[in-house]
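Colleague: Sharing a structure with you now.
Quick note: the coordinates plus some simple rules give every number you see, no bench work behind them. Source: prediction; values computed, not measured. Cβ placement follows ideal geometry from the backbone for every residue including glycine, while neighbour counts extend to all protein chains displayed.
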Amino acid sequence: MAAGCISIIVPVYKAEEYLKRCVDSLLQQTYPQIEVILVDDGSPDASPALCDAYQRQDQRVRVIHKENGGLVSAWQAGVTVSRGEYLCFVDSDDWVDECMIEEMAAYVSSEEGDHKEIICCNFLIERPNRTTPHYHGLAAGVYQGERLEREIKDNLLGHENRWISMSRCMKLFSRSLIEENIKYCHPSITMAEDVNITLPALLDCKRVVIMKEALYYHYFCHSQSMVHKYDARMYQGIRTLYHVIQEIYCKKGRKNGQKQAEKEYIYLLLLAVKNEIRSGNQGYGERIIKFCMDEENRRIIKEKKVVIKDKTNWLLYQILRTPIRINIVLVRWIFRWYDRLHT
């Protein structure tokens, strides 16, 4: 079966500096049947005008203008109007190789019908002075049947390095996997929000392909990225995300879902600690102690043993296990020393 039309959905917000690089890379795709949907999420810069210019120049481009509602609401809006049998997501500050869609489309099932499949390529993290390749934790290959259940669905979450990236990008999704699971997406979550769609899609899929090499997606890492900013709502967002993950596993009937969810929650709490430590904002120590001493959090941290290999995560984990002021101050000092050493 041919992949047919493939919709590439690009949320756009304050992207004028990077948008041309992104959209040009999409319009240069060697795969012929694409539509590029640019979703202007109420951007206050020149991005909306740039989107409209692309729509006038190329009939494959469609533009949606909407009130600002955040990343999740933007790509959801793109899904609603898309026409493709398969969906692909690209962020507006990233770009892709011209062969990406064609190479991924070559792996779709050859049989007729809705195969509920996900094709995964790999990606490069692009920093100003360094490019780093990143691969999925699982070996390249086709996963279906018992192998899919055992090696993927039973091990999606709860690892320091995920076996399959939870990003909605660098993947080709059967349309039905997105449409049937979009109900789990919460626009209020701003940290690891892609888990809300990628997790249920993977749990529902019948076939997963992890491509070999295939470093086609370029993830641009810059200082203005959300992952580098202090987020006062991060902990509450992580709590909401944890409960959504529990709901997804329950609805999908995964026997070890609660165990995966609780282990994943510990790794997410490391991000909440890091968020406060890096900021050093007034009262950061008290906030860390408060959420570390939450009754449910203490139970999970005590009961669920996780493997920590990353040195930074190991330091943060010591705070989770023993949330006392001296540990927090010491780790904060180490982080500041490291930052000064590498600037």
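Colleague: Could you list which residues have their amide H under 5 Å from that of Val61, counting only those 5 or more apart in sequence or on another chain, with H placed in the peptide plane?
Modeller: Val36
Colleague: How much length is gained on full extension from Ile326 to Gln28, taking 0.36 nm per residue of separation minus their Cα-Cα distance?
Modeller: Using 0.36 nm per residue and subtracting the Cα-Cα distance, I get 101.8 nm.
Colleague: Go through the stretch 170-240 and name the chymotrypsin sites (Phe, Trp or Tyr not before Pro) that are in a DSSP coil and have 15 or fewer other Cβ atoms within 10 Å of their Cβ. All intermediate terms of the calculation are to be shown ahead of the outcome.
Modeller: On the way: sites: Phe173, Tyr184, Tyr216, Tyr217, Tyr219, Phe220, Tyr230, Tyr235; in loops: Tyr230.
Qualifying residues, ordered by number: Tyr230.
Colleague: Would you list Ile182, Ile189, Ile8 from fewest to most Cβ contacts within 10 Å?
Modeller: Working: Ile182 17, Ile189 23, Ile8 28.
Fewest-to-most ranking of Ile182, Ile189, Ile8: Ile182, Ile189, Ile8.
Colleague: Report the full-extension gain for the segment Lys305 to Met293: residue separation times 0.36 nm, less the Cα-Cα distance, to one decimal in nm.
Modeller: Values: separation 12, 0.36 × 12 = 4.32 nm, distance 1.73 nm.
Computed gain between Lys305 and Met293 is 2.6 nm.
Colleague: How big is the charge dipole of the chain about its Cα centre, in debye rounded to the nearest 20, if each Lys and Arg gets +1 on its Cβ and each Asp and Glu gets -1 on its Cβ?
Modeller: 1760
Colleague: Between Gln236 and Lys20, with labels modelled 7 Å along Cα→Cβ, what's the label distance in nm to one decimal, could you check?
Modeller: 4.1
Colleague: Using the beta-carbon distance between His222 and Arg278 and R0 = 22 Å, what value does 1/(1 + (r/R0)^6) give for FRET efficiency, to the nearest 0.05?
Modeller: Details: r = 17 Å, r/R0 = 0.75.
It comes out at approximately 0.85.
Colleague: Provide the percentage of antiparallel DSSP beta bridges, counting only those with both residues in the chain; round to the nearest 5. Mind dumping the intermediate values first?
Modeller: Values: 17 of 44 bridges.
Taking every DSSP beta bridge with both residues in the chain, the antiparallel ones total about 40 percent.
Colleague: Looking at the chain, which longest stretch skips every one of the trypsin sites (Lys or Arg not before Pro) that is in a DSSP loop with at most 14 other Cβ atoms within 10 Å, leaving the sites themselves out?
Modeller: Values: sites that count: Arg83, Lys229, Arg233, Lys255, Lys305, Lys309.
After excluding every exposed loop site, the longest remaining stretch is 84-228.
Colleague: Can I ask one more? Could you name the lysines whose alpha carbon sits less than 20 Å from that of Lys116, not counting residues in the same chain fewer than 8 places away?
Modeller: Candidates past the 8-residue exclusion: Lys153, Lys171, Lys183, Lys206, Lys251, Lys252.
Colleague: May I pose another question? Given a Förster radius of 25 Å and the C-beta distance between Ala49 and Arg127 as r, what FRET efficiency does 1/(1 + (r/R0)^6) yield to the nearest 0.05?
Modeller: On the way: r = 29 Å, r/R0 = 1.17.
With R0 = 25 Å, the Cβ-Cβ based efficiency is 0.30.
Colleague: What ³J(HN,Hα) values, in whole Hz, does the Karplus curve 6.51 cos²θ - 1.76 cosθ + 1.60 give for the stretch 159-167 when θ = phi - 60°, with x put for Gly and Pro?
Modeller: 10, 4, 10, 4, 5, 10, 4, 8, 5
Colleague: Would you mind classifying the stretch 213-343 by shape? Square roots of the alpha carbon gyration tensor eigenvalues, ordered a ≥ b ≥ c; an a/c under 1.5 is rounded, otherwise it is prolate if a/b is larger than b/c and oblate if not.
Modeller: Numbers: a/c = 1.79, a/b = 1.19, b/c = 1.50.
Oblate, because a/c is 1.5 or more while a/b does not exceed b/c.
Colleague: Still on this model: Using the basic label-point model (7 angstrom from Cα toward the beta carbon), what is the Cys99 to Asp58 distance in nanometres?
Modeller: Result: 2.0 nm between the two label points.
Colleague: Where does the chain land at 222 nm, in deg cm²/dmol rounded to the nearest 500, when only DSSP H runs of n ≥ 4 count, each adding -39500 (n - 2.57), divided by all residues? Could you put the intermediate results ahead of the total?
Modeller: On the way: 13 runs with 147 residues, N = 343.
Rounded to the nearest 500, it is -13000 deg cm²/dmol.
Colleague: How big is the gap, in Å, between the Cα center of the stretch 246-300 and the Cα center of the stretch 47-120?
Modeller: 32
Colleague: Under a 10 Å cutoff between Cα atoms, tell me which one of Val39, Val244, Val12 has the largest fluctuation in the Gaussian network model of the chain.
Modeller: Checking each option, the largest mean-square fluctuation is seen for Val244.
Colleague: Using the Karplus curve 6.51 cos²θ - 1.76 cosθ + 1.60 with θ = phi - 60°, work out ³J(HN,Hα) for each residue of the stretch 146-157 in order, rounded to whole Hz, and write x for Gly and Pro.
Modeller: Computed from phi, the couplings for the stretch 146-157 are 4, 5, 5, 5, 6, 8, 10, 5, 7, 9, 6, 10 Hz.
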